[in-house]
Amino acid sequence: MNKEKLIRFLNDQCGPEERAEIARWLERKDAKQTLEAIFQEEWDAQENQQTTAEQAMNIYQGIRTKINASQKEIGVLSSRPRITRKLTIAVLILFSFSLGLYFWTSLPPEEATDLQVYEEIIKETQEGERLTLLLPDKTKVTLNSSSQIRFFMPFDQNTREVTVSGEAYFEVAKNPDRPFIVHSGRISTEALGTAFNTLYREEVLEIALVEGSVRVIEEDNLANQVELSPGMRASLKSDQSVLVVDNFDSAYDLGWIAGKMKMEKTPLSKVFEDLEKWYGVDFEIDPQINLREAVSGEFAYGSLYDILSGLSFALDFEFEYQSNRKKIKLMKN
């Protein structure tokens, strides 16, 4: 997609045909990568400029209106996003894919002042949404569905610390003088410049390292710590007192980052277990459902409802959300 055409679209200078063309393009899988490159270029060019929360929300609402209008012209259905924000600094764009809603947000660079005022930032995603954040230190965070990240701006002079619940993938900007620390439940993960995934949902705590190195520490028992190498994963369950280290399959365990859920002769019990872990839900499973049945295939990662619809059609069961949408009943046909 031509960058100038996108700029005309955002400035409301496109005709109906161009608007329809861009709306169709936004549905393509490669649109995300192109837009991220444009966002990064614009961010680097404007990183010394400040955007107020009011300006950011005006940008957000304007872009959302343009995309919705264009999608209606060509019959594209789009659900309304719901993101809870205590403070939104700059929202660059929103676009929807068949795999779910995807958001990109950049925060302004840190500024040193004599009297430092700290502002708490909270970002959340709902079911079927993913959010990419570019933090002030240039660390990139991808937040999975039904997850939250919380931190204070600016970062402390000696460390960069965030707190995560749910699942998030970090590409940490290198800074040997300021370790990057992620708090998730009972453990903290310390990195200088690396890429790793953190998962914290109820009883599940996992850190999976993709590149670089990290130290994983149980916060209430500092003697319980491990250093990971790429391809290794540390986990700690509620009934465990020691961190357990094993290897992981990045294509399977981290497929959500690329918008894919991959299964290769995977037992149905494992599929349901992972869905519970990724979406923070609890399945009530009919004993007549064969949990040993092997499942192979690839799903576009997004709405849990869409994934269950595909599985239930193929494996002959029905599902029903309970009142709080955190418990789902699975029934054999």
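The values are calculated or read from the model by the stated rules, or taken from the named source; none is laboratory data. Everything numeric in this text was worked out from a predicted model, so none of it was measured. Here the Cβ is made from the backbone with ideal geometry for all residues, glycine too, and neighbour counts use every protein chain on show.
Do we have residue 214 as among the aliphatic types (A, V, I, L, M), surrounded by fewer than 20 Cβ atoms within 10 Å (Cβ to Cβ) and at pLDDT 85 or above here?
No: the conditions fail for residue 214.
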Just the residues that are within 20 Å of residue 167 (Cβ to Cβ), at pLDDT below 80 and not acidic (Asp, Glu), please, taken from segment 296-323.
299, 300, 301, 302, 303
Need the failing condition index for residue 137 against (1) over 19 Å from residue 274 (Cα atoms); (2) assigned to a strand (DSSP E or B); (3) in contact (Cβ under 8 Å) with a residue 24 or more places away in the chain; (4) among the acidic types (Asp, Glu), just the number.
(2)
Under 6 Å by Cβ, and 6 or more places apart or on different chains, what pairs join a residue from segment 309-333 that is in contact (Cβ under 8 Å) with a residue 24 or more places away in the chain with one that is hydroxyl-bearing (Ser, Thr, Tyr)?
328/321
Taking segment 133-153 and keeping residues at pLDDT 90 or above and within 8 Å of the chain's Cα centre (by Cα) leaves 141, 142, 143, 147
Residue ID - farthest from the chain's Cα centre (by Cα), chosen from residues in segment 245-260 that are among the aliphatic types (A, V, I, L, M) and closer than 21 Å to residue 205 by Cβ
245
Do any strands (runs of 3 or more DSSP E) lying entirely in segment 223-333 carry at least 1 residues that are touching a helix residue (DSSP H, G or I) at 6+ places or on another chain (Cβ under 9 Å), among the aliphatic types (A, V, I, L, M) and surrounded by 13 or more Cβ atoms within 10 Å (Cβ to Cβ), and which ones are they?
260-267, 282-285, 294-300, 327-332
In segment 273-295, how many residues are modelled with pLDDT of 90 or more and closer than 24 Å to residue 202 by Cα?
5
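Conditions (1) of a type in the set (Gly, Ala, Ser); (2) in the same structural domain as residue 201 (by TED's automatic domain parsing), marked per residue:
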{"residue": "219", "(1), (2)": "no, yes"}
{"residue": "281", "(1), (2)": "no, no"}
{"residue": "294", "(1), (2)": "yes, no"}
{"residue": "300", "(1), (2)": "yes, no"}
{"residue": "309", "(1), (2)": "yes, no"}
{"residue": "316", "(1), (2)": "no, no"}
